[in-house]
Amino acid sequence: MSNITYYQLIILFLFNMAANQKVMLCKAVSANQFPEDFNIRFHTHIYCQSGSVNFVFNGQQYQSKKGEFIFWLAGINVSDLSFSKSFKATILFVDRELLTASLPSATASIDSIIHSKEYPILHPDKKDKEKILKNFKLLYDMSLETNHRFYEEALKLQMQLFLLEMWHIFEDELDRKKRSLQSGTLYERFIQLVQEHCMTKREVRFYSDKLNITAKYLNYICKVNTGITASEWIQRNARERIIILLQNKNLNISEIADELDFSSRSFFTRYVKKLLGITPKEYRERIG
């Protein structure tokens, strides 16, 4: 039996037997083995073990090859998948609701989520590659133990451990990017500072002081490089992080306001309405 036939049989078995499973682990050699709604229902984790895969992610073309790790958040626009003949990967699909309900920390995930929206490919070292595959299997195995007396709690805890391990790998990648930006242009250093501090520092003056330039000159630099002001960059980054926190139903609105260092819930509400056009309460009602 050829490898392709073997892997196709594995996938067909898994998806036919477990259509409602919250966690799916499989070997794959082509897009035919992905569930139809994978980019809507599932967060997708791909460890490429041979060959390469090309894809369009949020309008940009990417290629991932052997030894690299791909992460696609549910709801992200992924299209035009194509695979080399030698492509083989281990893929973990995780139900989006399971992951959201299992977030172990209000803020620890934010940098990793933002990073994965911009950079879908990670470059783990050998030790982390082994961890990735081990954690894939641990989470999948736990998801199968449906007769466990404390199944929901145990699965949630295993999901949390999985997330913490993956965030650890994301943070390593982030640290490498930060080091490469430390000697970059003023604009690059500004963007790095915004990504680090925008949750609690929303004034242009904070960033211009860090860069030892005036707020007016910082705005000029941003306009020249991107066409938008420093203040708009701060708001864009803050907006993404606020949305992530509002989607976490384990946090109430007052807790989020405190986390973001707002002096009161009412001030936070006004700020969110300015960014999103609706209040935090209205946003949560819309997403259910």
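No value in this document is a laboratory result; all are computed from the given coordinates. Because the structure is a prediction, the values reported are computed rather than measured. Note: ideal-geometry Cβ built from the backbone for every residue, glycine included; neighbour counts use all protein chains shown.
Taking θ as phi - 60°, what are the ³J(HN,Hα) couplings along region 199-211 by the Karplus curve (6.51, -1.76, 1.60), each to the nearest whole Hz, with x for Gly and Pro?
Values per residue, Gly and Pro as x: 5, 10, 10, 10, 9, 4, 4, 4, 6, 5, 5, 4, 8 Hz.
Between the DSSP loop rule and a limit of at most 10 other Cβ atoms within 10 Å, which chymotrypsin sites (Phe, Trp or Tyr not before Pro) in region 75-155 are left?
Phe150
Mind putting a number on the dipole of the chain about its Cα centre? Charges go on the C-beta only, +1 for Lys and Arg and -1 for Asp and Glu, and I need it in Debye to the nearest 20.
The dipole of the chain has a size of about 540 debye.
Once fully extended, how much extra length lies between Gln61 and Arg265, figured as 0.36 nm per residue of separation less the alpha-carbon to alpha-carbon distance?
69.3 nm is the gain from fully extending Gln61 to Arg265.
Compute the distance in nm between two label points, each set 7 Å from the Cα along the Cα-to-Cβ direction, one at Ile76 and one at Asp125.
A separation of 2.4 nm, rounded to one decimal place.
Defining a contact as two alpha carbons under 8 Å apart and six or more residues distant in sequence, what relative contact order in percent does region 213-288 show?
Result for region 213-288 is 21 percent.
Quick check on my link table: of Lys117/Lys156; Lys249/Lys281; Lys27/Lys131; Lys210/Lys274; Lys201/Lys249; Lys117/Lys137, which ones sit more than 22 Å apart, alpha carbon to alpha carbon?
Among Lys117/Lys156; Lys249/Lys281; Lys27/Lys131; Lys210/Lys274; Lys201/Lys249; Lys117/Lys137, the Cα-Cα distance tops 22 Å for Lys117/Lys156; Lys210/Lys274; Lys201/Lys249; Lys117/Lys137.
If exposed means no more than 14 neighbouring beta carbons inside 10 Å and the site is in a DSSP loop, what's the longest run of the chain without any exposed GluC sites (Glu not before Pro)?
Result, exposed sites excluded: 37-144.
Provide the FRET efficiency to the nearest 0.05 for the Asp258-Glu203 pair, computing r from the beta carbons and using R0 = 30 Å.
0.95
What's the local net charge at Leu138, with K and R +1, D and E -1, over the other residues with C-beta under 12 Å away?
Taking every other residue near Leu138 into account, the sum is 0.
Please list, by residue number, everything in region 55-90 whose backbone N is under 20 Å from a paramagnetic label point 7 Å out along Cα→Cβ of Glu36.
Flagged as within label range: 74-81.
Restricting to DSSP loop positions (anything but H, G, I, E, B) with no more than 12 other Cβ atoms inside 10 Å of their own Cβ, which trypsin sites (Lys or Arg not before Pro) remain in region 181-272?
Lys249
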